[in-house]
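The values are calculated or read from the model by the stated rules, or taken from the named source; none is laboratory data. None of these values were measured; they are calculated from a predicted model. Counting neighbours? That spans all protein chains shown, and the Cβs are built from the backbone with ideal geometry, glycine included. Calculation scope for accessible area: heavy atoms of the full protein, side chains included, ligands and nucleic acids excluded. Shrake-Rupley method; radii C 1.70, N 1.55, O 1.52, S 1.80 Å.
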Amino acid sequence: MAAKSLHIAVYPWFAMGHLNPFLHFCNKLAERGHRISFLLPSKVVPMFESHNLHPHLISFIPITVPHVDDLPLGAATTADVPLELFPSIMTAMDLTKPVVECYLRELKPHFVFFDFTYWMPALCRKLGIKSLYYVTSGASNVAFLLSPERKIMEKDDLGLVMMDPPEFYPPTSIRLSEREARIMSDNKTPFDRESKDLSIGRRLFTGLSECEVIGIKTCGELEEPHCQYLETQFKKQVIMTGLPVTGSPNLVLEEPFANFLATFQPGTLVLCVLGSECILKKDQLHELVLGLELTNLPFLAALKPPIGEETTESALPEGFQERLKGKGLVYGGWIPQQLILNHPSVGCFITHCGFGSLSQAIVSKCQLVFLPNAIDQVVSARMLAGDLKIGVEVKKDEDGLFTRDGICKAVRAVMDDDSEVGKEVRAIHSKYRELLLKEGLEDSYVDNFALKLHAMLE
Ligand SMILES: C[C@@H]1O[C@H](OP(=O)(O)OP(=O)(O)OC[C@H]2O[C@@H](n3ccc(=O)[nH]c3=O)[C@H](O)[C@@H]2O)[C@H](O)[C@H](O)[C@H]1O
């Protein structure tokens, strides 16, 4: 007998790197007959309509993002503002709590799926609704950065403690630099707007501690030990939802990419994409593109304009585009990453390790180079490069800066035929690729997830 249809309300952090994975997962749940009330910024609704595969089951509920003093007019997600204004997006999201409460009273869902709204578990308890914290960035970084062993709520400055893994963390080679260690606990973190109690670490930790159950976009083939560790530490169920590995079918590569890629030998081109949020400073953008030039390999790089620059093209080193014409293309806009990743010419993928890109990277046939940006991406990169050894991380100095030589060295390490490291990561990567491409793997996780939710209602 078909399991009873659940009614789930979702309210993701106003970032495309969260909204997209939540929608993907809602499509998978709607495929199984469950009803979804998807609360999201009004501005995003038109973009999402075309990706709603079950409009009779998934209803978008537009939320007006309140204006907060220093936000540009109309800003609704992190894609609309630089990193230093993320706190204002967070404050705006917190200001929607009364409206969200009204909707939840009216909708009466069985569950609410949330992430950055630390107040959601308490609100759900008041309304008799179960709350699930849905982690879209994988398990290893949440376990490393936010484990209860870290005592984030008691310690003001975790400082150097964060450089090493928590005591009972699964065996790992992951270590953070002093600069990286301070990002999660430094009171000047982007979310520390009202007081240190709202630092990003405390915000996320509160949500994880107070929710009834944790869901994580990952799979046991990659992060089983980290999910078990989180279950032990947070003393609650942690349910994996699998990794989306198949892109949208029947999409055709358009210009200028189709013609450009067609000119190269199979497996020779380096693709570099740094996600929807990463904005490099101009000097680092120069180091990146000059490093790509040093590899003597063809490349396609999608890079947002640095702060203060109108376009990416105008920010490039003098004469760079002319010098590289035909061999290198630096693109300032959005590119169809997943489609290009699967093009036969592409042989190496430099990724910032956003979890959406990581799952695409692992099932690609490319050699992998990691150039992480946000702190969760740094931990994911260290786990994949240091523990699983499916790629190579670009070396950075103690200030978190990389050089053109570092870029070139990491790419050559995985692309040179005579590189032992290249052979090792290629063999290990193909093992994980086969594991993740196993027929029906993601669906088996989603089926199991739905069963466990039902069990919570019995
Ligand atoms: C809060 C943060 O959100 C981030 O999202 P971000 O967009 O940076 O990265 P992805 O998760 O790879 O998501 C990026 C998605 O956009 C696609 N894409 C991106 C650029 C482009 O030019 N073309 C594309 O098709 C890419 O294929 C992927 O599907 C990260 O999760 C991070 O871990 C999380 O903490």
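Restricting attention to segment 4-21, does a residue exist that is under 27 Å from ILE89 (Cβ atoms), open to solvent by 60 Å² or more (accessible area, probe 1.4 Å) and either at pLDDT 95 or above or within 16 Å of the ligand (Cβ to nearest atom) (or both)? Walk me through it before giving the result.
At the first step, the residues of segment 4-21 found to be under 27 Å from ILE89 (Cβ atoms) are 8-21.
Now narrow it down to the ones that are open to solvent by 60 Å² or more (accessible area, probe 1.4 Å): 20.
Of the ones still in play, those that are also either at pLDDT 95 or above or within 16 Å of the ligand (Cβ to nearest atom) (or both) are 20.
Yes: one or more hits.
Exactly one of (1) in contact with a Ser or Thr (Cβ under 6 Å, 6 or more places away or on another chain); (2) open to solvent by 30 Å² or more (accessible area, probe 1.4 Å) is unmet by LEU303. Its number?
Here LEU303 meets the rest and fails (2).
Within the set of pairs 6+ apart or on separate chains, which have a first residue in segment 345-356 that is within 15 Å of LEU303 (Cβ to Cβ), a second that is within 7 Å of the ligand (Cβ to nearest atom) and hydroxyl-bearing (Ser, Thr, Tyr), and C-beta atoms under 7 Å apart?
THR351/SER357
Given the criterion among the charged types (D, E, K, R), part of a loop (DSSP other than H, G, I, E, B) and within 16 Å of the ligand (Cβ to nearest atom), identify the matching residue among GLU254, GLU309. Please lay out each step first, then the result.
Numbers: GLU309 fails: within 16 Å of the ligand (Cβ to nearest atom).
Within the list GLU254, GLU309, the selection yields GLU254.
Working only within segment 409-436, note down all residues that are closer than 14 Å to ILE350 by Cα and open to solvent by 10 Å² or more (accessible area, probe 1.4 Å).
Of everything in segment 409-436, those that are closer than 14 Å to ILE350 by Cα and open to solvent by 10 Å² or more (accessible area, probe 1.4 Å) turn out to be LYS409, ARG412, ALA413, MET415.
Among the residues of segment 372-387, which ones are open to solvent by 10 Å² or more (accessible area, probe 1.4 Å), touching a residue at least 60 places away in the same chain (Cβ under 8 Å) and away from the ligand (no atom under 11 Å from the Cβ)?
ARG382, GLY386, ASP387
For segment 1-119, which fully contained strands (runs of 3 or more DSSP E) count at least 2 residues that are closer than 21 Å to PRO244 by Cβ and either among the polar types (S, T, N, Q) or under 21 Å from the mean Cα position of the chain (by Cα) (or both)?
Working: elements: 7-11, 35-41, 58-63, 111-114.
Those strands (runs of 3 or more DSSP E) span 7-11, 35-41, 111-114.
Can you name every residue in segment 58-73 that is over 21 Å from GLU309 (Cα atoms) and not hydrophobic (A, V, I, L, M, F, W, C)?
Filtering segment 58-73 for residues over 21 Å from GLU309 (Cα atoms) gives 58-69.
Answer for segment 58-73, where residues must be over 21 Å from GLU309 (Cα atoms) and not hydrophobic (A, V, I, L, M, F, W, C): SER59, PRO62, THR64, PRO66, HIS67, ASP69.
Being within 12 Å of the ligand (Cβ to nearest atom) and either among the hydrophobic types (A, V, I, L, M, F, W, C) or surrounded by fewer than 16 Cβ atoms within 10 Å (Cβ to Cβ) (or both) narrows it down to one residue among LEU339, LEU368; which is it? Show your work before the answer.
Working: LEU368 fails: within 12 Å of the ligand (Cβ to nearest atom).
Testing whether each residue is within 12 Å of the ligand (Cβ to nearest atom) and either among the hydrophobic types (A, V, I, L, M, F, W, C) or surrounded by fewer than 16 Cβ atoms within 10 Å (Cβ to Cβ) (or both) leaves just LEU339.
Being surrounded by fewer than 16 Cβ atoms within 10 Å (Cβ to Cβ) and in contact with a His (Cβ under 9 Å, 6 or more places away or on another chain) narrows it down to one of LYS108, LYS155, so name that one.
Numbers: LYS155 fails: in contact with a His (Cβ under 9 Å, 6 or more places away or on another chain).
Step by step, each of LYS108, LYS155 is checked, and only LYS108 is surrounded by fewer than 16 Cβ atoms within 10 Å (Cβ to Cβ) and in contact with a His (Cβ under 9 Å, 6 or more places away or on another chain).
Mind listing whichever residues of segment 22-45 are within 16 Å of the ligand (Cβ to nearest atom) and of a type in the set (Lys, Arg)?
LYS28
Confirm whether ALA143 is assigned to a helix (DSSP H, G or I), in contact (Cβ under 8 Å) with a residue 40 or more places away in the chain and within 23 Å of LEU457 (Cα to Cα).
Working: assigned to a helix (DSSP H, G or I): yes; in contact (Cβ under 8 Å) with a residue 40 or more places away in the chain: yes; within 23 Å of LEU457 (Cα to Cα): no.
No: the conditions fail for ALA143.
Might you check whether a residue that is open to solvent by less than 60 Å² (accessible area, probe 1.4 Å), acidic (Asp, Glu), over 25 Å from PHE449 (Cα atoms) and in contact with a helix residue (DSSP H, G or I) (Cβ under 8 Å, 6 or more places away or on another chain) occurs anywhere in segment 65-74?
No.
Can you go through PHE60, PHE86, PHE22 and tell me which one is within 20 Å of TYR118 (Cβ to Cβ) and in contact with a helix residue (DSSP H, G or I) (Cβ under 6 Å, 6 or more places away or on another chain)?
After applying the criteria, what remains is PHE86.
Does GLY242 satisfy being touching a helix residue (DSSP H, G or I) at 6+ places or on another chain (Cβ under 9 Å) and crowded, with 17+ Cβ neighbours inside 10 Å? Quick ask: steps written out before the conclusion?
Working: touching a helix residue (DSSP H, G or I) at 6+ places or on another chain (Cβ under 9 Å): yes; crowded, with 17+ Cβ neighbours inside 10 Å: yes.
Yes.
Would you pick out the residues in segment 337-372 that are farther than 25 Å from VAL252 by Cβ, modelled with pLDDT of 95 or more and aromatic (Phe, Trp, Tyr)?
Scanning segment 337-372 gives a single hit, PHE370.
Restricting to segment 317-336, count the residues that are aromatic (Phe, Trp, Tyr), within 16 Å of the ligand (Cβ to nearest atom) and under 15 Å from VAL289 (Cα atoms).
1
How many residues does segment 263-306 contain that are small (Gly, Ala, Ser) and within 16 Å of the ligand (Cβ to nearest atom)? Outline the logic, then answer.
Quick first cut of segment 263-306, residues small (Gly, Ala, Ser) only: 267, 275-276, 291, 301-302.
With the extra rule that they be within 16 Å of the ligand (Cβ to nearest atom), the set shrinks to 275-276, 301-302.
The total comes to 4.
Just wondering, is there one or more residues in segment 390-408 that are open to solvent by 10 Å² or more (accessible area, probe 1.4 Å) and over 20 Å from LEU280 (Cβ atoms)?
Among the residues of segment 390-408, not one is open to solvent by 10 Å² or more (accessible area, probe 1.4 Å) and over 20 Å from LEU280 (Cβ atoms), which makes the answer no.
Among the residues of segment 396-404, is any at negative phi, at pLDDT 95 or above and part of a helix (DSSP H, G or I)?
Scanning segment 396-404 turns up at least one residue that is at negative phi, at pLDDT 95 or above and part of a helix (DSSP H, G or I).
Can you tell me which residue is nearest to the ligand (Cβ to nearest atom) among those in segment 347-365 that are surrounded by 24 or more Cβ atoms within 10 Å (Cβ to Cβ) and assigned to a strand (DSSP E or B)?
Per the stated criteria, the residue is THR351.
Take the residues of segment 141-153 that are out of contact with any Pro (no Cβ under 8 Å at 6 or more places or on another chain) and within 14 Å of the ligand (Cβ to nearest atom): which is farthest from SER380 (Cα to Cα)?
Top of the filtered list is LEU146.
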